[in-house]
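Read the structure below first, then the notes.
The values are calculated or read from the model by the stated rules, or taken from the named source; none is laboratory data. As the structure is a prediction and not an experimental result, all values here were calculated from the model. A quick note on method: Cβ atoms are made from the backbone with ideal geometry, for glycine too, and the neighbour counts reach across all protein chains shown.
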Amino acid sequence: MNSKKYSKVAVGGTFDKFHDGHKKLLSTAFEMGDCVEIGVTSDAFGGLKGDIDSCKERMKNLKCFFSDKSDFTIVPLEDPYGTTIYDDDFEAIIVSEETEPTAIEINDIRISKGMKPLDIVVVSFVLAYDGNPISSTRIRRGEINQNGNCIK
């Protein structure tokens, strides 16, 4: 029996300093969808966040994490919306608490174009040892590692 809820889901992000929060978000996408499209911010778009790993490196990390899966595609994102505002096949979008507002914007755009809105699945943050969310920014600052443990 198929335990998937949706045929095709979208998930996107920068996925810099690949960490436990990313793993939870992406694992949820695979639990929820038969086919997963993972949007990864391009070097130009992702670079707006500061000093991040190259898009090529970030995509490689994702492919390594999902080396046992075949039901996904990884595409570069040049804007916050990706193909979700053009592709009618998507049924849901998997987001973090931080990116839920973007999913709402995506639905507004889809509705304005006569497309069906996506179900929005919000994945809660993974907390670090100090009770605050694990984030790539905190990892870049040297506060925590990818598992949320203190490194100072």
Just for the stretch 86-133: of the residues that are surrounded by 15 or more Cβ atoms within 10 Å (Cβ to Cβ), in contact (Cβ under 8 Å) with a residue 40 or more places away in the chain and not β-branched (Val, Ile, Thr), which one is nearest to Ile151 (Cα to Cα)? Pro133
Members of the stretch 77-101 found to be over 16 Å from Asp119 (Cβ atoms) and hydroxyl-bearing (Ser, Thr, Tyr), listed by number: Tyr81, Thr83, Tyr86
Tell me, yes or no, whether the stretch 32-41 has at least one residue that is among the small types (Gly, Ala, Ser) and either under 19 Å from Asn107 (Cβ atoms) or in contact (Cβ under 8 Å) with a residue 12 or more places away in the chain (or both). yes
Does Thr83 satisfy the criteria of being within 22 Å of Pro133 (Cβ to Cβ) and either at pLDDT 95 or above or buried (at least 17 other Cβ atoms within 10 Å of the Cβ) (or both)? no
Among (1) modelled with pLDDT of 95 or more; (2) surrounded by 15 or more Cβ atoms within 10 Å (Cβ to Cβ); (3) not polar (S, T, N, Q) - the single one Arg140 does not satisfy: (1)
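For the stretch 24-58: of the residues being within 19 Å of Val9 (Cβ to Cβ) and more than 12 Å from the chain's Cα centre (by Cα), which is surrounded by the most Cβ atoms within 10 Å (Cβ to Cβ)?
Of the residues in the stretch 24-58, the ones within 19 Å of Val9 (Cβ to Cβ) are 24-41.
After this cut, where a residue has to be more than 12 Å from the chain's Cα centre (by Cα) as well, the list is 31-35.
Numbers: Glu31: 14, Met32: 21, Gly33: 25, Asp34: 14, Cys35: 17.
Taking the candidates together, the pick is Gly33.
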In the stretch 100-122, which residues are aliphatic (A, V, I, L, M) and more than 19 Å from Val36 (Cβ to Cβ)? Ile104, Ile109, Ile111, Met115
